[in-house]
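Colleague: Take a look at the following structure, please.
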Amino acid sequence: MFQRPAFFASPTWGSIYKYLGLILFGITLIIGVLTYDSYGLSWDDPMQRGTGQVNYYYMFHDDEGLLTWSDKDYGPAYEIVLIIGEKALGLTDSHDIYLFRHLATHIFFLIGALFCFFLVDLLYKNKMLAAVAFLMIVLHPRLYAHSFINTKDVPFLTMFFISFYFLALAFKRKRWIYFLLLAISVGITINLRIMGVMLLCIVPAFLLLDMIVEKRWKWNSLYLITFVSVSLLTLYATWPFLWPAPIDNFLEAFNNMRDFRWNGTVLLNGDMIKADALPWYYLPEWFTITTPILFLFLGITGGAFVLFGFVKKPLQYLKNTTTRNNLAYAACFIAPFLAVIYFHSVVYDGWRQIFFVYAGFVLLMIFALHKLAALNWLKGFTYVTLLYFVGVSVYYFPYQNVYFNSLLEFKESEYIRRHFEMDYWGIANVEALRYILENDTSAIINVGALNPTPEINVALLKPDERARLNMTFWTNDKSKDDYYITNYRWHPENPLFYWGMDVYTIRRGKNTICTIYKMEKKDE
């Protein structure tokens, strides 16, 4: 087990050690506040905000716009909170609204990392190990970037950390209030994404085991009834789509998420493949090539320890012990991959739709470090790796969302762009638009694109900047455009079919993620 370093024995360092989680949270919060306005707007953000709006007005103003909304079956709990915050702050301009959404989502992400810190400290009584867990979350490049721009998948990941904490606390303390908090947390988790039902299965399974092992039928039954009823009540209360027909609409939402309504194409290993015809290894491959190598090693090792430990001493994993929690973490990491493969679910944009599996994966990494604590070289290598990823995050800023690990990053120039989706949400477009505005003095500037991501990012500009831009997309007539912006989605090669000159390029590593072309007239 990790030992507290000797220098923590002094009163000053002892105080730092005691409040280490809050100190890490404070430092990362300051960094986030200083940099949150550097990130662009994701393709999905306007639609997500719309989901929050229609649910908010349905709940509080009897507006039935929700009933005809295309994403009415999306769990809206987090989006409703953002709409309430937006209105409480009196925000009316898109620039202010989306920056608020970015900052709020990032803070929520950091809260999730803090809950993971508390969880590891609860399980292992070791704040240094808990600090490693915190850093493994905030220093995962892709997750960090998405913590600003992704109000779908990152809040769901955060709720898994929170639910895991209350899961461990409830079974450690066995008090009614903790099962109540766990139930509320799980209800909200399921609201955000249907896959949260895994927790609705795990908790009752643990309680049934405790009934058999502990012979405390009365109290464990009370906890079970409290958990299930409050979880379902929380889910129902926070999801207006369920109100008219709770069971039927929940099943409809489940089926829709299992076979999502999207028939686009994605770039995988250099081939454009329809989202409903992806190979079984799509998600495993994306997870493998975009997660730091050491993290992969530790997570797989932790999973192996859980598997072999369960086979060797099954009773240790079935009794109410700290060790048993690892079964839940392993299940919440592996089961989503298997479910997607089994149901042939539609997935796209890398592995962002299953970001939540990283919650279980982090705790498997920590379990591996706990089991291998005697290997001082591994601890040292882990610390050095985390320090290295501070540098990686700085280098990729603010495009950590295009990070690939060393399995790909040393390939030849433009290899990744031509073989995998990079800036598929067009986050870099806001930098491109600002460049055009700063370097072109025209009163009105015509900007074209192959997809709507540049136009979406106009919402992040200030009103006077927006007024100077005339945006077009999905049209072959580029004769009136002054500039053309591309983030290479759906055409990984250079857009040579347009007559223009490359005037600004955004790159990370050996790959281009966004280019501005100044349009020129074709000679007749």
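Colleague: Are there DSSP H segments in the chain that both extend 20 Å or more along their axis (alpha-carbon positions) and score a mean Kyte-Doolittle hydropathy of at least -1.0? List them, or say none.
Modeller: Qualifying helices: 20-35, 94-124, 153-173, 176-192, 197-214, 217-237, 293-312, 325-343, 357-371, 376-396.
Colleague: As a check on your grasp of the helix formula, calculate [θ] at 222 nm for the chain: sum -39500 (n - 2.57) over DSSP H runs of n ≥ 4, divide by the residue count, round to the nearest 500.
Modeller: Calculated mean residue ellipticity at 222 nm is -19000 deg cm²/dmol.
Colleague: Sort Phe287, Phe361, Phe241, Phe100 by Cβ crowding within 10 Å, fewest neighbours at the top.
Modeller: Phe100, Phe287, Phe241, Phe361
Colleague: Charges on Cβ only, +1 for Lys and Arg, -1 for Asp and Glu, centred on the Cα centroid of the chain; of Thr290, Val120, Ala443, which one is farthest towards the dipole's positive end?
Modeller: Val120
Colleague: Which cross-chain or sequence-distant (5 or more) residues have an amide H under 5 Å from the amide H of Thr472, H modelled 1.01 Å from N in plane?
Modeller: Result for Thr472 returns Val447, Gly448, Ala449.
Colleague: May I ask you to sort Phe260, Phe355 by Cβ crowding, counting other Cβ atoms within 10 Å and putting the fewest first? Before the final figure, lay out each step's value.
Modeller: Working: Phe260 15, Phe355 25.
Fewest-to-most Cβ neighbours within 10 Å comes out as Phe260, Phe355.
Colleague: Sort Ser42, Ser70 so the one with the fewest other Cβ atoms within 10 Å of its own Cβ comes first.
Modeller: Arranged by neighbour count, lowest to highest, Ser42, Ser70 become Ser70, Ser42.
Colleague: Right, another one. Of Met501, Cys514, Leu318, whose Cα points farthest to the positive end of the dipole of the chain (charges on the beta-carbon: +1 Lys, Arg; -1 Asp, Glu; origin at the Cα centre)?
Modeller: Leu318
Colleague: Between Leu233 and Val197, what's the calculated FRET efficiency when r is the beta-carbon distance and R0 is 25 Å? Round to 0.05.
Modeller: Efficiency, rounded to the nearest 0.05: 0.95.
Colleague: Roughly what % of DSSP beta bridges within the range 429-519 run antiparallel, to the nearest 5?
Modeller: Numbers: 12 of 20 bridges.
Close to 60 percent.
Colleague: What net charge is computed for the residues neighbouring Arg324, neighbours being all others with C-beta under 14 Å from the C-beta of Arg324, Lys and Arg scored +1, Asp and Glu -1?
Modeller: Value of the local net charge: +2.
Colleague: Specify which residue in the list Tyr58, Trp351, Gln48 is farthest towards the positive end of the charge dipole of the chain, using unit charges on the beta carbon of Lys, Arg (+1) and Asp, Glu (-1), about the Cα centre.
Modeller: The Cα lying farthest towards the positive end belongs to Trp351.
Colleague: Along the principal axes of its C-alpha atoms, what lengths does the range 19-396 span, in descending order and rounded to whole Å?
Modeller: Dimensions of the range 19-396 along the principal axes of its Cα atoms: 57, 55, 45 Å.
Colleague: With +1 assigned to the C-beta of every Lys and Arg and -1 to the C-beta of every Asp and Glu, and no other charges, what is the dipole magnitude of the chain about the Cα centre in debye, to the nearest 20? Walk me through the intermediate numbers first.
Modeller: Numbers: 44 positive and 42 negative charges, 611 e Å.
Roughly 2940 debye for the chain.
Colleague: Holding the Cα-Cα limit at 29 Å, pick out from Lys87/Lys480; Lys87/Lys274; Lys174/Lys312 the pairs that are longer than that. Provide the component values of the computation, followed by the final result.
Modeller: Working: Lys87/Lys480 39 Å; Lys87/Lys274 40 Å; Lys174/Lys312 27 Å.
In this structure, Lys87/Lys480; Lys87/Lys274 lie more than 29 Å apart at Cα.
Colleague: Please give the peptides 44-56, 226-238 ranked by average Cβ packing (other Cβ atoms within 10 Å per residue), highest first, as a rough proxy for protection.
Modeller: 44-56, 226-238
Colleague: In the chain, what % of DSSP beta bridges are antiparallel (nearest 5)?
Modeller: Restricted to the chain, the bridges split so that about 70 percent are antiparallel.
Colleague: With Cβ to Cβ distances under 13 Å as the rule, what net charge do the other residues near Phe356 carry (K, R +1; D, E -1)?
Modeller: +2
Colleague: Same structure again: Please give the Cα centre distance for the range 303-329 versus the range 230-299, rounded to the nearest Å.
Modeller: So the two Cα centres are separated by 27 Å.
Colleague: What is the local net charge at Leu461, summed over the other residues whose Cβ is closer than 12 Å to its Cβ (Lys, Arg +1; Asp, Glu -1)?
Modeller: For residues surrounding Leu461, the net value is -4.
Read-outs throughout are calculated quantities, based only on the coordinates presented, and are distinct from any laboratory measurement. If you're wondering where the values come from, they're calculated on a predicted model, not measured in any experiment. Every residue, glycine among them, receives a Cβ derived from its backbone with ideal geometry; neighbour counts consider all protein chains shown.
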